[in-house]
Amino acid sequence: MNFYILSLVKAGLVAFVLLTFCAYLVWIERKVLAHIQLRPGPYRVGPHGLLQPLSDLIKLVTKEGLIPGNVSTGLYLFAPFLAVALALVSIVTIPFGPEFEIFGVRTWLGLTDLNIGVLFILAMSSLGVYATAIGGWASNSKYALLGGLRSSAQMISYELPLALAIVAPILIANTLSFKELAEAQSGFYFGFLPKWHVFAAPFPQVFSFVIFVIAAFAETNRVPFDLPEAETELVAGFHTEYTSTMFAAFFTAEYANIVTICCVTTLLFLGGWHPPFPAEYGSSFIPVILLLGVAGLFFFHAGQTLKTRKWDRFSFPVGGVLSLGLAGLFLIPLLQPILVPFFWFAAKTLLLIFFFIWVRGTLPRFRYDQLMRFAWMFLFPVAVVNLLITAFAVALTSN
Amino acid sequence: MSEIELNTNAATLESEGEPEAGTTRRMTLNMGPQHPSTHGVLRIILELDGETIVSASPDIGFLHTGIEKQAEALTYQQVVTLTDRMDYLSNLANNLAYCLPVEKLLQLEIPARAQWVRVMLTEISRINSHLVWLGTHCLDLGAMTMFFYTFREREDILRIFEFFSGQRLMTSYIRVGGLALEPPRGWHKLVSGFIRQLPAKIDQYEGLLTENPIFMQRTKGVGFLPVERLLDLGVTGPMIRAAGIPWDIRKSEPYSSYEKFDFNIPVQQAGDVYARFRVRMDEMRESIKIVEQCLAGMPEGPIRADAPKVVLPDREKMKTQMEALIYHFKIVTEGFRVPAGEAYVPVESPRGELGFYVVSDGTSKPARVFMRTPSYGNLQALSELFEGKLISDSIATLGSMDFVLGDVDR
């Protein structure tokens, strides 16, 4: 009984946090992109545009859900549902932190620990191809059709280097469960170098990390691999004809996929929730120091707000107090074993997400055939060689 | 495969009937007029085999404004305002290109100061046009940020235009007989301040693009046509210079005292999209050189020709001199009369050879104004540039052609 209640609570929590975070990821992306591009980004709705995701949601949901003529209605409606369902299901195998005991209950941050968690994620992301392909095909639009074709070809091609890049760290950790993968990366070489898989003995997984991140860009249809929805070529690609909630579903799925893939990268290569340097050197206090710095910034800017932003005089101190409160939470001994690992996990994932956005603000996009050639002629061979070397190194050292 | 015709039904689903067994069907795709990267309202009817373009035919005329015909109903001076609306990215070049043949018919001697200001402003407007081209071209290739960077500089340029003429876009600053207004106080500081910081900004663009492997992959070897073919099709401007022909009217037929300036014609040999990019980047640097020379050696003197029958008299003179008042009345009510004849003076607009063929029948309104616009000439190459290429390549090529639909349709 206890198990069911706990699972329900956790499922609700994860779903809520993930969906909210997806919405705010759009805000983050728009803000970061805007600052790269010398503009303020969302600013009008709420302080610093913080309510923008909410207004976007209201706008999208209240729009008329248009179904164009001559579409294959069943498939047309099924595609966005499939996309968002698969994207949300993927998150269940992701652990966000280690096991801990609170109020006498022993549990861990995360929904379920499948012993084939990695395979499950791969399967779900492969099925995601169907959503875009079906959506593109069912729309009865040429742009959507071309976008759907492009994305199926692209996602299937990049699945290969992606999977091969995953196999290498799995060989080292010898498990398919994300939780055990993360636990295998605890500890430090020489007392300071973390045993993350990017630095792992016997063969550092730098190559597979890079391959994985590149393939992740392609899997999530991000610049420079955003061909399926190449705005300037195919208008909006496979979701050209979609409106309202159906478009919102595709949109949410896209961002949920980014979150999932960044979480997976963190777990596979960047040591999950393990700190980058040992607790003896004070890594547990990093979040407190960071939050204090944030609070300081808030208070500093509250003292010198611009005339045009009068309410910053109130919103900045509120932000500062909130940061101070969070910093205080990190100091409570009872909460520390939950919050500190979660902080490291979130920090690494957010850094990766920031990298995704940064790349979007910098690079042009590939051409369709170049993208395929890049996958098959470069990424795939490198992944194979990397896997062979890793396997060889593991075989040598395991005796 | 027969050539597809320009009809409005070309949007129907698959082309030409049922396919035979074992053959692939071709798809007709109607790109535009509402499409993010047709730069306005160009419509291209593409016949696709997969993503490969079998044939492409442009359908122009969606931005037809009737400027050529309208010009016949307006006085010579009024037509200047129409030329602004043709190529809205380099309107000063249009003003100049229209004024030169009319001045030739009138046999006006334009004072040195006016000529130099004309050169300076058209070069700044060349930079403006190339900046917009660069931004939109990169947007087409997926590099969104570039667009905002170039528009940052464009904003400074528009501020300069506003400072000179009171208008950001439709400047009409160059008039028959000289300039509309005396350059305002402080113009030197404003322009030199802008020109001084521009090279660093261009370095920034080049740092983001010139050696960028993805950018090079997308543009090198793309959109190539043999030079002979380009010449046959009447392609001019950066497109022909990128194919190895140093054809620049500023050098070959100097107008408005361009012969007094020291600048180079950037030429590339490859003839592809990347070469066009390099040519335009270098052209911006050459334009900076010209503007710097203008700033250093701007002559003093009047800004309008000494031709009382054409140029409006000073306000002060009208209060004291009878003739001035009469001329003012005549010019304002009727316009000035231009001796019968015809004239054509080409200029080098940012897009290529731009020329107005003006026919006068001796009245105060032109009998005919024909515009030889570079956008129209360059667009001729579209079908041949597209054939056998991928859709993505076609977008890159389209961007590199740098046409303005207002200039094409007039």
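Excluding ligands and nucleic acids, what accessible area in Å² is computed for A:VAL89 using a 1.4 Å probe, to the nearest 10?
Probe radius 1.4 Å; accessible area of A:VAL89 about 60 Å².
Figure the gain on full extension for A:ASP369 and A:LEU331 (residue separation times 0.36 nm, minus the Cα-Cα span) and round it to one decimal in nm.
Values: separation 38, 0.36 × 38 = 13.68 nm, distance 5.35 nm.
Between A:ASP369 and A:LEU331, full extension yields 8.3 nm more.
In nanometres, what is the gap between the two model label sites at A:TYR130 and B:GLN78, each 7 Å from Cα along Cα-to-Cβ?
Using points 7 Å along Cα→Cβ, the separation is 6.9 nm.
Exposed loop sites here are chymotrypsin sites (Phe, Trp or Tyr not before Pro) in DSSP loop states with at most 15 other C-beta atoms within 10 Å. What is the longest stretch of chain A lacking them?
A:193-310
Find, among the trypsin sites (Lys or Arg not before Pro) in segment B:305-359, those assigned to loop by DSSP (not H, G, I, E, B) with at most 14 other beta-carbon atoms within 10 angstrom. All intermediate terms of the calculation are to be shown ahead of the outcome.
Working: sites: B:LYS309, B:ARG315, B:LYS317, B:LYS319, B:LYS330, B:ARG337, B:ARG351; in loops: B:LYS309, B:ARG337, B:ARG351.
Of the trypsin sites (Lys or Arg not before Pro), the ones in loops of segment B:305-359 whose Cβ has at most 14 other Cβ atoms within 10 Å are B:LYS309.
For A:LEU396 and A:ILE116, what is the calculated FRET efficiency with R₀ set at 41 Å and r taken between the beta-carbons, to the nearest 0.05? Walk me through the numbers before you get to the answer.
Details: r = 27 Å, r/R0 = 0.66.
With a Förster radius of 41 Å, E is 0.90.
Shape call for segment A:1-117 from the C-alpha gyration tensor, a ≥ b ≥ c root eigenvalues: rounded (a/c under 1.5), prolate (a/b greater than b/c) or oblate?
Working: a/c = 2.44, a/b = 1.35, b/c = 1.81.
Because a/c hits 1.5 or more and a/b fails to exceed b/c, segment A:1-117 counts as oblate.
Are there any trypsin sites (Lys or Arg not before Pro) in segment A:276-329 that are in a DSSP loop and have at most 11 other Cβ atoms within 10 Å? List them by number. Kindly include the intermediate steps, with their values, before the conclusion.
Values: sites: A:LYS307, A:ARG309, A:LYS310, A:ARG313; in loops: A:LYS307, A:ARG309, A:LYS310.
Qualifying residues, ordered by number: A:LYS307, A:LYS310.
Treat each spin label as a single point 7 Å out from the Cα along the C-beta direction, and report the B:LYS289 to A:LEU19 distance in nm.
6.3 nm
Pulled fully out, how much extra length does the chain show between A:TRP358 and A:PHE378, if you take 0.36 nm times their separation in residues and subtract their Cα-Cα distance?
Values: separation 20, 0.36 × 20 = 7.20 nm, distance 2.36 nm.
That works out to 4.8 nm of additional length.
Say R0 is 41 Å: what FRET efficiency, to the nearest 0.05, do A:THR62 and A:VAL321 get from their beta-carbon distance? Write down the numbers at each step before the final one.
Working: r = 35 Å, r/R0 = 0.85.
About 0.70, to the nearest 0.05.
Can you bin chain A into rounded, prolate or oblate? Criterion: square roots of the alpha carbon gyration tensor eigenvalues sorted a ≥ b ≥ c, rounded for a/c under 1.5, prolate for a/b above b/c, oblate for the rest.
Oblate shape, in that a/c is at least 1.5 and b/c is the bigger or equal ratio.
Hand me the tally of lysine pairs in chain B: alpha carbons under 25 angstrom apart, and the pair either on different chains or 8 or more positions apart.
Lysine pairs meeting both conditions in chain B amount to 24.
Tell me the Kirkwood hydrodynamic radius of chain B in angstroms, computed as one over the mean inverse distance between distinct C-alpha pairs.
Numbers: mean 1/r = 0.0443 Å⁻¹.
For chain B, the Kirkwood estimate is 22.6 Å.
Quote the relative contact order of chain A in percent (integer), defining contacts as alpha-carbon pairs under 8 Å separated by 6+ residues.
Result for chain A is 22 percent.
How high is the relative contact order of segment B:67-408, given as a whole-number percent (alpha carbon pairs under 8 Å, six or more residues apart)? Walk me through the intermediate numbers first.
Values: 619 pairs, mean separation 92.1, N = 342.
Rounded, it is 27 percent for segment B:67-408.
So, in nm, how far is label B:PHE62 from label A:ARG39 when the simple model puts each one 7 Å beyond its Cα toward the Cβ?
2.2 nm
Return a whole-number percent for the relative contact order of segment B:53-122, with Cα pairs under 8 Å and 6 or more residues apart as the contact set.
It rounds to 22 percent for segment B:53-122.
Considering only lysines 8 or more places apart in sequence, or on different chains, count the pairs in chain A whose C-alpha atoms sit under 28 Å apart.
Step by step, the pairs that qualify in chain A add up to 13.
List the DSSP H helices in chain B whose Cα atoms stretch 30 Å or more along the helix axis and whose mean Kyte-Doolittle hydropathy is at least 1.6.
Qualifying helices: none.
Is there a quick way to get the dipole size of segment A:106-235? I mean about its Cα centre, with the Cβ of Lys and Arg at +1 and of Asp and Glu at -1; what is the value in debye to the nearest 20?
Numbers: 6 positive and 9 negative charges, 39 e Å.
Value, rounded to 20: 180 debye.
Tabulate in residue order the Karplus-calculated ³J(HN,Hα) for segment A:74-89, using 6.51 cos²θ - 1.76 cosθ + 1.60 with θ = phi - 60°, rounded to whole Hz; enter x for Gly and Pro.
x, 5, 4, 7, 6, 4, x, 4, 4, 4, 6, 5, 5, 5, 7, 5
The values are calculated or read from the model by the stated rules, or taken from the named source; none is laboratory data. If you're wondering where the values come from, they're calculated on a predicted model, not measured in any experiment. All Cβ positions, glycine included, derive from the backbone under ideal geometry; neighbour counts span all protein chains shown. For the accessible areas, the whole protein counts, side chains as well, though only heavy atoms, and no ligand, DNA or RNA atoms are used. Shrake-Rupley method; radii C 1.70, N 1.55, O 1.52, S 1.80 Å.
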